[in-house]
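Worksheet: the structure to be examined is printed underneath.
The values are calculated or read from the model by the stated rules, or taken from the named source; none is laboratory data. No experiment lies behind these values; they were computed from the predicted model shown. Cβ coordinates were reconstructed from backbone atoms using ideal geometry, including for glycine residues, and neighbour counts include every protein chain displayed.
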2 protein chains.
Amino acid sequence: MPQLRIALAQVNPTVGDLDGNARLIVEWARRAADRGAHLVLFPEMMLTGYPVEDLALRGSFVTASRRALERVARRLADEGLGELPVVTGYLDRRADATGGRLGQPAGAPLNAAAWLHRGEVAVRSAKHHLPNYGVFDEYRIFVPGDRLPVVRLHGVDVATIVCEDLWQDGGPASAAGAARAGLLLALNASPYERNKDDVRLDLCAKRAREAGCALAYVNAVGGQDELVFDGDSVVVGPDGALLARAPQFVEHLLVTDLDLPAASDGTPATSHDDSDGTTITIDRYALDAAAPAAAGPEPAEVFEPLDDPAEIYGALVTGTRDYVRKNGFRSVILGLSGGIDSALVATIAADAIGPENVHVVLLPSRYSTSHSVSDAEELVKRQGLNARTVAIADMVAAFEEQLDLHGLAAENLQARIRANVWMGLSNEHGHLVLTGGNKSELATGYSTLYGDSAGGFAPIKDLVKTSVWALARWRNTAVGSDVPFLHPFPDEPIPDEIIVKEPSAELRPGQRDVDSLPPYDELDPLLVDYVERDLGHDALIDAGHDPELVDRIIRLVDLAEYKRRQYPPGPKITAKNFGRDRRLPITNRWREPSEQ
Amino acid sequence: MPQLRIALAQVNPTVGDLDGNARLIVEWARRAADRGAHLVLFPEMMLTGYPVEDLALRGSFVTASRRALERVARRLADEGLGELPVVTGYLDRRADATGGRLGQPAGAPLNAAAWLHRGEVAVRSAKHHLPNYGVFDEYRIFVPGDRLPVVRLHGVDVATIVCEDLWQDGGPASAAGAARAGLLLALNASPYERNKDDVRLDLCAKRAREAGCALAYVNAVGGQDELVFDGDSVVVGPDGALLARAPQFVEHLLVTDLDLPAASDGTPATSHDDSDGTTITIDRYALDAAAPAAAGPEPAEVFEPLDDPAEIYGALVTGTRDYVRKNGFRSVILGLSGGIDSALVATIAADAIGPENVHVVLLPSRYSTSHSVSDAEELVKRQGLNARTVAIADMVAAFEEQLDLHGLAAENLQARIRANVWMGLSNEHGHLVLTGGNKSELATGYSTLYGDSAGGFAPIKDLVKTSVWALARWRNTAVGSDVPFLHPFPDEPIPDEIIVKEPSAELRPGQRDVDSLPPYDELDPLLVDYVERDLGHDALIDAGHDPELVDRIIRLVDLAEYKRRQYPPGPKITAKNFGRDRRLPITNRWREPSEQ
């Protein structure tokens, strides 16, 4: 039985950084070679980053990706890595694209995968099933591939597929079975979503059993705009048993020794009818690669997935860190109110980029309690943040002298003056502004447009308020643990007073959130069912929510749509964030019927 | 030869307003009946409005649409209109949807069309070709229909198709030819785009010739978020000759008498192979409708399309009017600087909702010239707007006392203080804030986030600066004309001084736009080629643009992406606006290569 040592490079590419991503390929291919791998596998669209969205429709970008692929193939050979087959995702175009057909993406781009070997692009294929739901827009920007490559390597037939081709029944994954592949490689850029790790592993096991061969699943890691890739790459055997698993939210080379069936020269299938009515052609190749120098055996690595709060916190830290860094910032600024939201955002930022790069502004007004100020100061002290205090009373007075504002208009004025301060400091010093809105506020419109909602990135925009508290508590308990993405604060970074106090916007005397919103332990489950699960009015009541509350919250959520569109991006951790994955008309007169 | 009088109801539905849209159907069906029509045709998704985006994925909304369709059928009969066949678009779902298949839109929604007759839904069909490019996302939210209904009415075989089915070669429009239909009805919600009217008419003529029958094309009219529907409904003969044409940007009932071939009872086709590999089943129906009372002959109406500036101005007025009204506002507020952008926006607003509903704020600073103030005051006087002046000097001073801001940070501060004033007045008085950014500014990032770019709607966001001037000039010349969507100002509404002055943001002494940007007559054509035509670096130089300018502008445009995402919606008049039709990653390190 042939044995292959495969290396899964779970790495963090940057969208559009073709040179930087090519350097990652060379660097991680070297690590794989150093560990005696017969093969190294990179994620979907590794060379361009993912998702590239409408950049795929720009011909010069596709050309740049194709050329970068050829350059990296040559460079691997130049650096002595030419014998190691490197499988990587990249952006290509269909050669026979007639172009210009209405509705076909301009230039017929492909979400492609290539085998690089001996300085050449030896094999090219492309994703067949194009996801076009949730955060995915692939019908818009790609044309489907219709070939499954099966590459004979050291006596094993190895097939490659891309991401969604694993998820859809009857497609290229089935074709790999029909082709009697001995190993199936799946290249992925599969965004993190709460609890998705279990779904993915079950899916890999199922497809491995269907195809009757081992399956290696490599995923990207890192943040890209609203998406966070969690890694969690896995290898399963033909029986679906878990053989190896990479950690979440960190770059990792997962090296696994596999005993694989020898390829046979019978009369294997040359094509496969997909259940979508198309036919997948099976392309066969043989790579005459030199075997790597024998190395000692590799112990199987099986990392445990993180528990729920650690996993979510990891997604938020990763999303924040990469949004800051990949956009060329080094530091962030935010307003620190003494409340739980800005406290958690400051802590996430400190974990993500180090407390020395976090700048906070305390902006007390006449309605701020003394507790708020002292709690904020205590947090600054515990975390070692850069802090300054800017009193806004005179600014508010200057506006009030000219304008006669009441109620909400007067409250919003203060929030906007604060935003004006941190935007000014951002422009002056080059910090990225973080904003502290959570999903409960955002969904119900309980925030000020151009006020507290202003900023470049919203780390907790996909966390309901009860989860904000839960994560703050978790973060305090995680002090001293070995969770990899946390700053080593010696003590609990968030003062308990901040976690236990009653929430208030402090924009008028004695204001409390419960004056405007239901208690969060009633609101949040309803928001989850309405927004994430898309239940209608009657289904919400059937699910046990209070009918009066259902009416009230549906009205609030439906009316807050414009405000949500103006909200900055933030790491996505649930099925439905308020970013690109939830597209609703702003002008919409439809209201969930009260009775049907 | 049978004769049919057909009525095309070019009307303005509102997304989600099922009751209001149903009332429109009854009201316009009555008008058609009063004019002796044998048939009345409404636009695509008439009952729900278009586009509904992800609302289609909410089961309760689909159910509400289906019920509203049945209700409107009964109501037509109850009101004595049951004999008149009413063809209308609505939202349905596939009855045999298995549901839950990965990648299939939840609930299998259909972009559907129905024939209503004698209180019943007599015929149902659905759009086959689902556009998924530009502003369209229909793969995301619909499943395709696969049937062509052919309805025998007064001895004529009448087929119905929906929008994109007319645009794609070989689909349902060809099936109508194979079915030997005598009349083809096309229901559309086809957004306005500059010069699209000519394309549409040519397409209708081509499809009529291919199908060998007359073709009636009804389009919606009105604004919906960023989209503007221009109407321009047409009827063409089997030879492609134009028989009737409705005006643009106004509701209209286009009534046309057609001599049509009698249906024959040969052995007509029962199905048609589409060029996309699917099969369209031809469903035959017969409606036993009573002939309407004979009425006098209807003269053929053929409206001339508007010339370019009138058409664009019509799109901006329509988009602004409907965004204000359909979102439940009655009045707008904007800052009036004395510059051309805010002057044109104020004028568009006055045309859209009446000058009595337009509120302007003059916010002079120490850098405003006296001309700016007097020019703004002159515009207020000519148009009869509601105006107030708010001096911002003390507010600026209050910030400067606390913050030490320089350069751009200091300039942005003033812009944000102004925004804070108009947002405060908006919150206090319930006006919608209009913002004055144009496409040249927006593309290059020459605006302040949360400053001049703040607001709920951006009427000129899709106009480059040179077009802003051109439209202002055109608007002045249109005084006294019979263009239908203009307020009857007795004199030129825009003072000439505002049109001829050199553009300046007036945020520092002596500032001029040309200090930061190239002259607009060089910048604008380059922006059109880069943004709208998606030309890459080399192609831009080949097109004759200055290489140094190309490098500079590509850099500016690529870096302004985040700011553009924060920009409010505005009427779309070109192939690529900066709204939903241009999706780019914010975090993107790719730059157009300087040489390839």
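Elements of the type helices (runs of 4 or more DSSP H) sitting completely within segment A:484-596 and holding at least 1 residues that are small (G, A, S) and not assigned by the TED database to the domain that holds A:T347: these cover A:537-542. In the set (1) closer than 28 Å to B:D581 by Cβ; (2) within 12 Å of chain B (Cβ to nearest Cβ), the condition left unmet by A:E44 is number (2). Listed by first and then second residue, the pairs linking a residue in segment B:179-200 that is farther than 21 Å from B:L258 by Cα and polar (S, T, N, Q) to a residue that is surrounded by 22 or more Cβ atoms within 10 Å (Cβ to Cβ) and modelled with pLDDT of 90 or more, with Cβ atoms under 6 Å apart and 6 or more places separating them unless they lie on different chains, are B:S190/B:N219.
For segment A:47-63, filtering for residues that are in contact with a Phe, Trp or Tyr (Cβ under 7 Å, 6 or more places away or on another chain) and either in contact (Cβ under 8 Å) with a residue 60 or more places away in the chain or under 26 Å from B:A575 (Cβ atoms) (or both) leaves 4. Taking segment B:454-495 as the range and being of a type in the set (D, E, K, R), in contact with a Lys or Arg (Cβ under 9 Å, 6 or more places away or on another chain) and within 29 Å of B:N327 (Cβ to Cβ) as the test, the residues that pass are B:K461, B:D462, B:K465. Within segment A:297-338, the set of residues being more than 14 Å from every other protein chain (Cβ to nearest Cβ) and in a helix (DSSP H, G or I) comprises A:D308, A:P309, A:A310, A:E311, A:I312, A:Y313, A:G314, A:A315, A:L316, A:V317.
Listed by first and then second residue, the pairs linking a residue in segment B:379-395 that is within 15 Å of B:A346 (Cβ to Cβ) to a residue that is loosely packed, with under 15 Cβ neighbours inside 10 Å and acidic (D, E), with Cβ atoms under 9 Å apart and 6 or more places separating them unless they lie on different chains, are B:R382/B:D491; B:G384/B:E356; B:L385/B:E356; B:N386/B:E356.
One residue alone among A:L91, A:L130 is closer than 28 Å to B:Q104 by Cα, within 14 Å of chain B (Cβ to nearest Cβ) and at pLDDT below 95, and that residue is A:L130. If the condition is being surrounded by fewer than 24 Cβ atoms within 10 Å (Cβ to Cβ) and polar (S, T, N, Q), then segment A:46-64 contributes A:S60, A:T63. Look at (1) among the aliphatic types (A, V, I, L, M); (2) outside any loop (DSSP other than H, G, I, E, B); (3) facing chain B (nearest Cβ under 9 Å) and you find that A:V62 fails only one, number (3). Counting only strands (runs of 3 or more DSSP E) wholly contained in segment A:70-147, the ones carrying 1 or more residues that are under 21 Å from the mean Cα position of the chain (by Cα) occupy A:86-93, A:109-117. Filtering A:T267, A:T318, A:T278, A:T256 for residues that are polar (S, T, N, Q) and closer than 30 Å to B:D276 by Cα leaves a single hit, A:T278.
The set of residues in segment B:271-289 that are at pLDDT 90 or above and outside any strand (DSSP E or B) contains only B:D288. Residues of segment A:157-175 that are in contact with a strand residue (DSSP E or B) (Cβ under 6 Å, 6 or more places away or on another chain) and either outside any helix (DSSP H, G or I) or more than 30 Å from A:L57 (Cα to Cα) (or both): A:D157, A:V158, A:A159, A:T160, A:I161, A:V162, A:C163.
No other residue among B:G20, B:G36 is more than 19 Å from the chain's Cα centre (by Cα), modelled with pLDDT of 95 or more and in a loop (DSSP other than H, G, I, E, B) apart from B:G36. Restricting B:S368, B:S374, B:S342 to those that are hydroxyl-bearing (S, T, Y) and not in a helix (DSSP H, G or I) reduces the list to B:S368. Residues in segment A:534-555 that are aliphatic (A, V, I, L, M) and surrounded by fewer than 17 Cβ atoms within 10 Å (Cβ to Cβ): A:A543, A:L549. Within segment B:524-531, one or more residues are modelled with pLDDT of 85 or more and within 12 Å of chain A (Cβ to nearest Cβ). Within the option set A:V151, A:V162, being aliphatic (A, V, I, L, M) and either closer than 28 Å to A:F578 by Cα or in contact with a Ser or Thr (Cβ under 6 Å, 6 or more places away or on another chain) (or both) holds for one residue only, A:V162. Going by what's in this entry, would B:A458 be described as more than 11 Å from chain A (Cβ to nearest Cβ), surrounded by 21 or more Cβ atoms within 10 Å (Cβ to Cβ) and under 22 Å from the mean Cα position of the chain (by Cα)? Against the criterion (more than 11 Å from chain A (Cβ to nearest Cβ), surrounded by 21 or more Cβ atoms within 10 Å (Cβ to Cβ) and under 22 Å from the mean Cα position of the chain (by Cα)), B:A458 qualifies.
Within segment B:377-397, the residues that satisfy the criterion of being within 11 Å of chain A (Cβ to nearest Cβ), part of a helix (DSSP H, G or I), surrounded by fewer than 21 Cβ atoms within 10 Å (Cβ to Cβ) and not β-branched (V, I, T) are B:A393, B:D394, B:A397.
The requirement of being free of Cβ contacts under 8 Å to residues at least 60 places away in the same chain, surrounded by fewer than 22 Cβ atoms within 10 Å (Cβ to Cβ), more than 7 Å from chain B (Cβ to nearest Cβ) and of a type in the set (G, A, S) is not satisfied by A:A409. Taken as a whole, the structure leaves B:A220 outside the set of residues that are under 16 Å from B:R35 (Cβ atoms), at pLDDT 95 or above and crowded, with 21+ Cβ neighbours inside 10 Å. Taking B:L442 as meeting all but one of (1) at pLDDT 95 or above; (2) in a helix (DSSP H, G or I), write down the number of the exception. Checking B:L442 against (1) at pLDDT 95 or above; (2) in a helix (DSSP H, G or I), the one that fails is (1).
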